[in-house]
Every structure is written in C-alpha cells, then in structure tokens.
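**Student:** Okay, handing you the structure first.
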Amino acid sequence: MTHSLHRTGDTESLKKDFPMLTHVARGYNDIGAGERLKQMAQIARKYTDLHFGDCKVGNKFMMPPEEIMEKHTVGWQVVFKNKKSLIACMKELKEKNIGISVVVSGLFDEVFECCQKAGITPPLIEFALGVHGNKDKIWPPEILDFVTMCGHGLVSGHLVRKMVEDIKKKKITIKKASIELAKPCLCGIFNPDRAAKLLKKMTRF
Amino acid sequence: MRINRDKCVGCGRCVSYCPVGAIQFFQDEQNPKKKKSKIDEDECVECGVCFRANVCKPQAIYLPEIMWPRVVRRAFSDPMVEHKETGVPGRGTEELKTNEITGRFKRGSWGMAVELGRPGVGARLKELELIAMALAEKGVVFEPQNPVTHLFEDVKTGKLKPEVRNEKVLSAIIEFVVRPEQLEPVLQVLKEMAGKVESVFSVDLITHPEEEEKGPALKIVKKMGFPVYPNGKVNLGLGRVLNK
C-alpha cells in the first residue's frame, strides 16, 4: 500500500512527476492477467521510457523491459515527466479497456486535469497526512525528495549524498548518477529525470 | 544479509547503498592496514538492496537462509518477497488500487493507513504494536488482508506475537477503515503516539473524490492539525471483473 504516496518536493518539481501503477484484483481479474498486463505495459511504454518495473520481477535497469513484461503477474509501474504524455497514455488505456486497475499519483490538481482531458472520472483518492514521530531521524528535505521517490524506501539517503559528492569530484555525470539512484527502486516509480534536475540543483557551484 | 569477510576486498562501495546505514566500514583486526565492510545484523532489515546493487566485484555479499522470526524482516522490507497470506508483494494490500472492483472502501467511511518507519528510517515492530494497541482501544478493526494483521497475537488488542516485537523492518503498515465518528479520536491517538515512538510514521487517508477539500474527512484532519499534501494517489477506475 501507499508506495507512490508521500513524495516530497516543491510544486514545480512535483509538476513533472507522475508515477503510474497497475494492479490486478485477486479473485476478480487475476486469472490470465499476465497477457493483459503486458498489453497495458506496451501502451504505457510508448509514452514514457523514464523507468519501468515490476517489483516481483525487477526493473529496466536490471533486465530488458521485454523480459519484465513476459513475467507480470500482479502489476507494473512507470513514471511520467509531463502531462501531455500522461494524458495520451490515459486516453489509450481507457479506449483499449483491457480491464486491469490503474492508479496515477501526483499533484491532485494536475492529475485531475489529466483525468478530465482523458475523459476519466476517478472513483477514489488517497491523501498523505504527513510524517509524524521522531522527525530528527528523517533525512533533510533536499535528500528526502530523492528518498521518497521510492515508496518502498530502497533508495538510500547515503547513496544520494555519495552521488552528490561524486558529481562534485567529477567521478560521475549527473545523468549516470540519476540512473544509479533509480536502480534500487524495483518497481520503477523513481523518476530519474526529476532526480537529475535535483542533482543539478544540489551540485551547482 | 551477510558479507563474507574472506572475500571482502575492503573497497567500501556497498556502504552507501544500505537504506538504513547498517553496513559498517571498519579496520580489519587481522590486518590493521586494511578495511572491511561488515553488516550490523541487528540493524539490517534484509531488504536485499546491497546484494542487488551488484557493486561487489568479489561477490562477498550474500543472502543467507533466515528463519522465523527474522524472516519477517525480509517479508516487510524486500518487495520481491510476496507475503503468503496476502499474495501481494511488499508491505500492504490492494487497498484503493482495485477498489472500483472490490468495493472495499464504501461511501460513508474512510480508509486509513499508518506506516511505521517511512520515510527512510525503518522501525522495530514493537513501535508498531504501541500504535496498534492504542488504536485498538478506540475500536479500530485491523484490515484482515494486511500482512501486519497476521503478526498479531491478539487481533482485537493489537498485541504482537512476542518473538517478532524486536524485529526491524524498512516499514510496516497498519490498515483499517474508520467511521466518521472515529476519525477524530484516531487522529488524537496518532498525535499522542508521535511523542512516544523512536521512529517515524506516515499517515494516509482514502476517500471518494467528492470528499476533497469540502468533505468532512479533510475538515476533521485539518482541525486536528494534520497536514494534507497537495499530491497523492488517484484510482482511475479502469478495472473490471474478468475472471469467469
């Protein structure tokens, strides 16, 4: 639950960050779902190639996407960086009516606008009501923006700091560092394009 | 996770990949001129990130066979592991994702989740128990399909099986449905718990879109001083029943 919820960041950054996930409903549409999930993944991947994964299988930085698509059983994830491609994908998924549930995360105003343009009326939404408890233990905001892009918590704040250091020392490029950070996110909702922009901001001298 | 001391060449490349900082880089007792990586087993949540990172050239990092109750760590921290009770990989359930088919969250009530250890901190399950027991006192009924519910010794009180209390996980989620009259007392409990846990927790609320902004749920949430993020999850309603 909730793994695409709780992304932090400023509004401008979040405006270019839309994770999408599909999920079968056990007992309702899980029989033979693999082929349906594959059809839907092929549609989504026409519109975004930033990241793609299935947390039971792996992500596109671990194996070829075609191999992942042959192994779907429960669902897959991608991430979009703009509304235009998201709307086009939503429209095609609606038209093809394959029948597996789809969830999109992002700024509500932006996602609702995309839904409206795609002719979709969402039946249910989920809000994030903040982080509570011993907040001294959480990463500072500039690191948290990366860490929260993997809802399973697999992207380490230590790795973010290491990548920042390595970029400053010219040991790695911003693009390669953003991909290195995306690799641990098994399901494919970590947004490497957004990460690259954040890294650029953090390493500007 | 473990690191084979004999194979480790002391490059330290694995250290930064650990989400909970459980990999130590220390001076080798047998050869003080060299350093080695070692996993603090008490802090390790068995997420598998260091292993999958594929940064250890001599392949010194390995997945050992782990037994109950330690296996709970992997089940809640490694999304590649599917919970046998729920059939869902990761920590949660289908929740809102498939609600247009399952009808799990009905109008007139709201779905809630409290996720211990998130973001990026990790938590001992005894902290989850602290919150679960306080919520149970307010009449909260825990979601039967959530893997946490299977760890309770007494599902009515939120008391955990004693042997899992000290297990550390990346995160674990308490899921439940609240009736309108329960929301305020539940949020009050969470406010009180915020000062009692050593880790952190994130809170979620599931509602129907017409509830947004002007609905009673968000009014209560704001009155209780909880923030409402401008971003969240939206079910597009594209699923349907296909099994025959």
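None of the figures in this text is laboratory data; all of them are computed from the coordinates on show. Quantities reported herein were computed from a predicted structural model and do not represent experimental measurements. Quick reminder, even Gly has a Cβ in these numbers, built from the backbone with ideal geometry, and neighbours come from all protein chains shown.
**Student:** Among B:ARG107, B:ARG118, B:ARG70, which one shows the biggest mean-square fluctuation in a GNM of chain B, springs joining Cα atoms closer than 10 Å?
**Tutor:** B:ARG107
**Student:** Mind checking which helices in chain B clear 27 Å along their axis (Cα) and have mean Kyte-Doolittle hydropathy of 0.0 or more, DSSP H runs only?
**Tutor:** Taking the DSSP H segments of chain B (at least 27 Å long, mean hydropathy at least 0.0), we get none.
**Student:** Next up: Leaving out same-chain residues fewer than 8 places away, which aspartates and glutamates sit with a Cα under 16 Å from that of B:LYS33?
**Tutor:** Straight-distance partners of B:LYS33: B:ASP6.
**Student:** While we're looking at this one, here's another question. Classify segment B:53-156 from the C-alpha gyration tensor, please: rounded if a/c falls under 1.5, else prolate or oblate depending on whether a/b exceeds b/c.
**Tutor:** Prolate.
**Student:** Also, quick follow-up: Just tell me how shielded B:97-107 is by partners: mean number of partner chain Cβ atoms within 10 Å of each residue's Cβ, no decimals.
**Tutor:** 5
**Student:** Using Cα atoms only, what is the angle between the long axis of helix A:157-168 and the major principal axis of chain A, expressed in degrees (0 to 90) to the nearest 10?
**Tutor:** The helix A:157-168 is inclined about 60 degrees to chain A.
**Student:** Still on this structure, please answer the following. Residue by residue through B:16-24, how many Cβ atoms from other chains fall within 10 Å of the Cβ on average?
**Tutor:** Across B:16-24, the average partner-chain Cβ count within 10 Å equals 5.
**Student:** When ranked by the protection proxy of mean other Cβ atoms within 10 Å per residue, highest first, what sequence do the peptides B:95-105, A:135-145 form?
**Tutor:** Taking the mean over residues of other Cβ atoms within 10 Å, the ranking is B:95-105, A:135-145.
**Student:** Looking only at A:ILE120, A:ILE87, A:ILE174, which one moves most when chain A is put into a Gaussian network model with springs between Cα atoms under 10 Å?
**Tutor:** A:ILE120
**Student:** Go through the cysteines of chain A and tell me which have no other cysteine Cβ under 4.7 Å away.
**Tutor:** Isolated Cys, chain A: A:CYS89, A:CYS114, A:CYS115.
**Student:** With +1 on each Lys and Arg Cβ and -1 on each Asp and Glu Cβ, and nothing else charged, work out how big the dipole of segment B:1-53 is about its Cα centre, in Debye to the nearest 20.
**Tutor:** Here the size comes out at about 400 debye.
**Student:** List, in the order given, every pair from A:LYS56/A:LYS175; A:LYS60/A:LYS171; A:LYS60/A:LYS175; A:LYS15/A:LYS83; B:LYS196/B:LYS219; A:LYS60/A:LYS117 whose Cα-Cα distance in the structure shown is over 19 Å.
**Tutor:** A:LYS56/A:LYS175; A:LYS60/A:LYS171; B:LYS196/B:LYS219; A:LYS60/A:LYS117
**Student:** Among the listed pairs A:LYS135/B:LYS35; A:LYS137/B:LYS106; A:LYS91/A:LYS162; A:LYS81/A:LYS162; A:LYS38/A:LYS84, which have their C-alpha atoms separated by more than 29 angstrom in this model?
**Tutor:** Checking Cα-Cα distances, A:LYS135/B:LYS35; A:LYS137/B:LYS106; A:LYS91/A:LYS162 exceed 29 Å.
**Student:** Also, I was wondering about something else. Once phi is turned into θ = phi - 60°, what whole-Hz ³J(HN,Hα) does the Karplus curve with 6.51, -1.76 and 1.60 give for every residue of segment B:97-114, x standing for Gly and Pro?
**Tutor:** 4, 10, 5, 5, 9, 7, x, 5, 9, 9, 4, x, 8, 10, x, 9, 9, 10
**Student:** How big is the charge dipole of the protein assembly as shown about its Cα centre, in debye rounded to the nearest 20, if each Lys and Arg gets +1 on its Cβ and each Asp and Glu gets -1 on its Cβ?
**Tutor:** Dipole size: approximately 1560 debye.
**Student:** Kirkwood Rh over alpha-carbon pairs of the protein assembly as shown, then Stokes-Einstein at 10 °C and 1.306 mPa s: what D in µm² s⁻¹, rounded to an integer?
**Tutor:** Roughly 72 µm²/s, to the nearest whole number.
**Student:** At 222 nm, what helix-only mean residue ellipticity would chain B give, in deg cm²/dmol to the nearest 500, using -39500 (n - 2.57) for each DSSP H run of four or more?
**Tutor:** Mean residue ellipticity at 222 nm (helix-derived): -6000 deg cm²/dmol.
**Student:** Could you check which residue among B:PRO119, B:PRO230, B:PRO162 shows the biggest mean-square fluctuation in a GNM of chain B with a 10 Å Cα cutoff?
**Tutor:** Answer for the Gaussian network model of chain B: B:PRO230.
**Student:** Under the definition of partner shielding as Cβ atoms of other protein chains within 10 Å of a residue Cβ, what is the mean value for peptide B:48-58?
**Tutor:** Counting Cβ atoms of other protein chains within 10 Å of each residue's Cβ and averaging gives 3.
**Student:** Compute the distance from the alpha-carbon center of segment A:111-169 to that of segment B:1-53, in whole Å.
**Tutor:** About 27 Å separates the Cα centre of segment A:111-169 from the one of segment B:1-53.
**Student:** What dipole magnitude, in Debye to the nearest 20, does segment B:87-170 give about its Cα centre under +1 on Lys/Arg Cβ and -1 on Asp/Glu Cβ?
**Tutor:** About 100 debye.
**Student:** Which Cα, out of A:MET202, B:GLN182, A:PRO123, lies furthest along the positive dipole direction of the protein assembly as shown (beta carbon charges, K/R +1, D/E -1)?
**Tutor:** A:MET202
**Student:** So which GluC sites (Glu not before Pro) in segment B:18-59 are both in a DSSP loop and have at most 16 other Cβ atoms within 10 Å of their Cβ?
**Tutor:** Answer in residue order: B:GLU29, B:GLU41, B:GLU43.
**Student:** Taking loop as defined by DSSP and a crowding limit of 15 other beta carbons within 10 Å, which trypsin sites (Lys or Arg not before Pro) in segment A:41-134 fit?
**Tutor:** A:LYS71
**Student:** While we're here: Treating the angle as unsigned and between 0 and 90°, give the value, to the nearest 10°, between the Cα long axis of helix A:83-96 and the longest Cα principal axis of chain A.
**Tutor:** Value to nearest ten degrees: 20.
**Student:** Here is a follow-up. Going by the alpha-carbon gyration tensor, a ≥ b ≥ c the square roots of its eigenvalues, is segment A:24-116 rounded (a/c under 1.5) or, if a/c is not under 1.5, prolate (a/b greater than b/c) versus oblate?
**Tutor:** oblate
**Student:** Put +1 on the Cβ of each Lys and Arg and -1 on the Cβ of each Asp and Glu in the protein assembly as shown; which of A:ASN59, B:MET133, A:SER101 then has its Cα farthest toward the positive end of the dipole?
**Tutor:** It is A:ASN59.
**Student:** Summing -39500 (n - 2.57) over the DSSP H runs of n ≥ 4 in chain A and dividing by its residue number, what mean residue ellipticity at 222 nm do you reach, to the nearest 500 deg cm²/dmol?
**Tutor:** -12500 deg cm²/dmol
**Student:** Also, quick follow-up: Between helix A:108-118 and chain A, what is the angle of the helix's C-alpha long axis to the longest principal axis, kept within 0 to 90° and rounded to the nearest 10?
**Tutor:** So the inclination is approximately 30 degrees.
**Student:** Let me ask another. Quick check: from the Cα gyration tensor, does segment A:65-137 come out rounded (a/c under 1.5), prolate or oblate?
**Tutor:** Cα axes put segment A:65-137 in the oblate bin.
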